[in-house]
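Below you'll find the structure, written out as C-alpha cells, and then a few comments.
The values are calculated or read from the model by the stated rules, or taken from the named source; none is laboratory data. This is a predicted model, so every value here is computed, not measured. Here the Cβ is made from the backbone with ideal geometry for all residues, glycine too, and neighbour counts use every protein chain on show. Note: areas computed on protein heavy atoms with side chains; ligands, DNA, RNA excluded. Shrake-Rupley method; radii C 1.70, N 1.55, O 1.52, S 1.80 Å.
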Amino acid sequence: LFDLPGKGVLVGLDPGTKTLGVAATDLSRILASPVETIAKVKLAPALERLFAIYDARGAVGLVVGLPLNTDGTQGPRVQSVRTLVS
C-alpha cells in the first residue's frame, strides 16, 4: 500500500485477461464512475491509453483491484495483476 495525496482524482483499474476496466473518482472522491473498457490485445497500447486517461483527468493516483477469491484467498490471477503493477 502506498500513501495517496489527500485530494484529487483517483483512477481505478480492474485488470482482466482481455480488458482493463477503468473508472475515476470525482475531485472529492465521493463518487467513482466508469470511464472506459480498454481492449488488451497488446499490453503497451492498452497502458498508453490508460495513462492518456490518467493525464487527461489530472489524476493524482492509481488504484488497482486485486482479484481475490470470494473466501479472500489469492487465486491464479493475483500474480498476473502483481506483475502488471510492478
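Worth pointing out:
- Per-residue extension of 0.36 nm, minus the Cα-Cα distance of T17 and V63, leaves a gain of 14.8 nm for this segment.
- Antiparallel bridge percentage (DSSP; both residues within the chain; nearest 5): 75 percent
- Cleavage-rule hits (trypsin sites (Lys or Arg not before Pro)) in the range 22-86: DSSP loop, at most 10 neighbouring Cβ within 10 angstrom: K42
- Distance between the range 36-56 and the range 3-30 - C-alpha centres, whole angstrom: 13 Å
- The residues of the chain expose, per residue, 69 Å² of accessible area to a 1.4 Å probe.
- Applied to the range 68-81, the Karplus parametrisation 6.51 cos²θ - 1.76 cosθ + 1.60 on θ = phi - 60° returns per-residue 3J(HN,Hα) values of 7, 5, 4, 8, x, 7, 8, x, x, 6, 4, 4, 5, 5 Hz, with x for Gly and Pro.
- Using the Cβ-Cβ distance between L27 and D3 with R0 set to 25 Å, the FRET efficiency from 1/(1 + (r/R0)^6) comes to roughly 0.85.
- Only helical runs count toward this figure. For the chain, summing -39,500 (n - 2.57) over DSSP H runs of n ≥ 4 and dividing by all residues gives -8500 deg cm²/dmol at 222 nm.
- When Rg and Dmax of the Cα atoms in Å is computed from the coordinates, the matching label among (1) 12.9, 42; (2) 12.4, 37; (3) 13.2, 37 is (3).
- Cut-off 17 Å, label 7 Å out along Cα→Cβ of S80, residues of the range 1-43 by amide N: 13-22, 38-43
- The GNM of the chain, with springs linking C-alpha atoms under 10 angstrom apart, assigns the highest mean-square fluctuation among D26, D55, D71 to D71.
- Each residue of the range 45-54 was assigned a 3J(HN,Hα) from its phi angle through the Karplus curve 6.51 cos²θ - 1.76 cosθ + 1.60 (θ = phi - 60°); the sequence is x, 5, 5, 4, 5, 4, 6, 5, 5, 4 Hz, with glycine and proline shown as x.
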